[in-house]
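Report on the following structure.
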Amino acid sequence: MSGTTLFEVTEEHLNRGLRGVPVGTCSTSQVRPEEGLYYMGLPVSDLALKSPEEVIYLLFYGKFASDQELTRFKQELVKRSSLHSDAKKAIFQLPKKGSAMDHFSIAIMLAGMYEKVENYREDCLNLFAKIPEIAAHVINSYAGWGQTPPTKPELGYMENFTQMLNVPGKDSDALNELFRLFNVLHYDHGGGNLSTFVGKAVSSGLEDLYGSIAAAMNALAGPKHGRANADTLAFNRGLLDEVGDPTPENVEKALRKRIKEKQLIFGFGHAVLRVEDSRAKIFYEVLARRYPDTPLAKLALILREVGPKVLKENPKISNPYPNVDAVSGTVMTEAGFAYPEFSTVLFGLSRTVGISIQIMQEREANIPIYRPKYIFKAPI
Ligand code: MLT
């Protein structure tokens, strides 16, 4: 690759958030504009129904586990899973203020204070093992759902998470299916999404893994990144309130009205993708199979058709197709987790895996401290 011109930077690229500018390499995953997300060279649709432990192993070691290796890996995660009791207490003592993501990011810092060993590889495995319990404490505490039941990691990675969550009236089977799928589909999304980039940048100053991931989670918390899931669900609910019983005609009319009023249209488009998000495709299939008749699900399925039709009329829109957020919040709601205030925490619980591995790989490759150049511009 050495000596090859990859990209020409012109003045137009300045102050555009480094959009499209190559800054490094990523070995775990790739976002192919015309095809969607790939993990280790495999389309995410081939991996969606595998167990979280299998996919984490694949991303961490770069190969599928044999049966024996998978059993050992699961045992390893179980062994590493318990969180220091003082860290748990401290999470429950956080002020009942701020967002759930504020709590999640602080909880990761707290866990690091008690648990870090300052070796990226070891901290990676420890954090994968502990992050379901960290997230469960954050959600139970923030929601006021009471103390978290003792962890039972031998149940399985996401099954234990479901078991620890005190969701009122929970249907454990539906939540297990949802959380396993949501988790696997959100592990990684290339290197350039904001939270991954921030995590890697912070770790390049040799901040430890927990501090780097907490920084990444603060990046994920924003409405333009991880919070888009909750905002899209609110947008869909607003449309539903307006149309009542959704039909292609009334949804199209409501959408056109919002476009005319220059309101934001949520759940469509992506910085890299130029087709429907492959993760969205998987969630749409679940929705159509499991919950086809509920009004919110009907609306999401109609929007899948009507949204691109209407958005394509604007030639300035480079990707009029649904992204994962267009549908994931609806599936979550229908599966019994109607708490959008926690959807970014669930996203962060998953994305911690991919970001941690990318950080570990950059640290093991001794990538130098990030130091891009800002060009001086005299104030006007
Ligand atoms: C993601 O999954 O991280 C989002 O799609 C955002 C992105 O890729 O930029």
Checked against the positive end of the charge dipole of region 52-114 (+1 on Cβ of Lys and Arg, -1 on Cβ of Asp and Glu, about the Cα centre), the farthest of 95, 59, 114 is 95
Across the chain, where is the longest run that never hits GluC sites (Glu not before Pro) in a DSSP loop with at most 12 other C-beta atoms within 10 Å?
119-260
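Given a Förster radius of 25 Å and the C-beta distance between residue 143 and residue 194 as r, what FRET efficiency does 1/(1 + (r/R0)^6) yield to the nearest 0.05?
Efficiency, from the Cβ-Cβ distance: 0.40.
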Between residue 67 and residue 155, how high is the FRET efficiency from 1/(1 + (r/R0)^6) when r is the Cβ-Cβ distance and R₀ = 22 Å? Nearest 0.05.
0.70
Could you give the dipole magnitude of region 241-286 about its Cα centre, charging the beta-carbon of Lys and Arg +1 and that of Asp and Glu -1, in debye to the nearest 20?
320
Furthest towards positive pole of dipole, 143, 3, 328, structure part the chain, Cβ charges
3
Over 25 Å between Cα atoms, which of 96/200; 74/116; 116/373; 257/298; 74/281; 130/281 qualify?
96/200; 116/373; 74/281; 130/281
In deg cm²/dmol and to the nearest 500, what is the mean residue ellipticity at 222 nm of the chain if only DSSP H runs of at least 4 residues count, each as -39500 (n - 2.57), divided by the residue total?
-17500 deg cm²/dmol
Find which of 357, 307, 319 sits farthest along the positive direction of the dipole of region 302-380, computed with +1 on the beta-carbon of Lys and Arg, -1 on that of Asp and Glu, about the Cα centre.
319
For the chain, what's the radius of gyration and Dmax over Cα atoms, in angstrom?
20.9, 65
So who's got an amide H within less than 5 Å of the one on residue 29, skipping anything under 5 residues away but keeping other chains? H placed 1.01 Å off N, in plane.
40, 190
If you plug each phi of region 40-55 into the Karplus form 6.51 cos²θ - 1.76 cosθ + 1.60 with θ = phi - 60°, what whole-Hz ³J(HN,Hα) values come out, in order, with x for Gly and Pro?
6, x, 10, x, 4, 5, 6, 10, 4, 9, 6, 6, x, 4, 5, 6
Give the average over all directions of the projected area of the C-alpha convex hull of region 312-380, one decimal, in nm².
10.1
To the nearest 20 debye, region 166-263 has a Cα-centred charge dipole, built from +1 on Lys and Arg Cβ and -1 on Asp and Glu Cβ, of 460
Could you run the Karplus curve 6.51 cos²θ - 1.76 cosθ + 1.60 with θ = phi - 60° over region 189-204 and give me ³J(HN,Hα) per residue in whole Hz, x for Gly and Pro?
8, x, x, x, 5, 4, 5, 5, 4, 5, x, 5, 5, 5, 5, 5
Nitroxide proxy distance, nm - points 7 Å out along Cα→Cβ at residue 5 and residue 170:
5.6
Rounded to whole Hz, the Karplus (6.51, -1.76, 1.60) HN-Hα couplings of region 265-276, x for glycine and proline:
9, 9, x, 10, x, 6, 4, 10, 5, 10, 9, 4
Could you pull out the trypsin sites (Lys or Arg not before Pro) across region 236-277 that fall in loop regions by DSSP (anything but H, G, I, E, B) with no more than 16 other Cβ atoms inside 10 Å?
262, 274
If I stretch the segment between residue 92 and residue 260 completely, what's the gain in nm (0.36 nm per residue apart, minus their alpha carbon distance), one decimal?
55.9 nm
Please report the relative contact order for the chain, taking Cα pairs under 8 Å with a sequence separation of at least 6, and give it as a percent rounded to a whole number.
22
Modelling each spin label as a point 7 Å along the Cα-to-Cβ direction, I'd like the residue 13/residue 82 distance in nm, to one decimal.
5.2
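Every number in this text was worked out from the coordinates using simple rules, so none of it is lab data. What you see is a predicted model; the values in this text were computed from it and never measured. For neighbour counting, all protein chains shown are included, and Cβ atoms are generated from backbone atoms with ideal geometry for every residue, glycine included.
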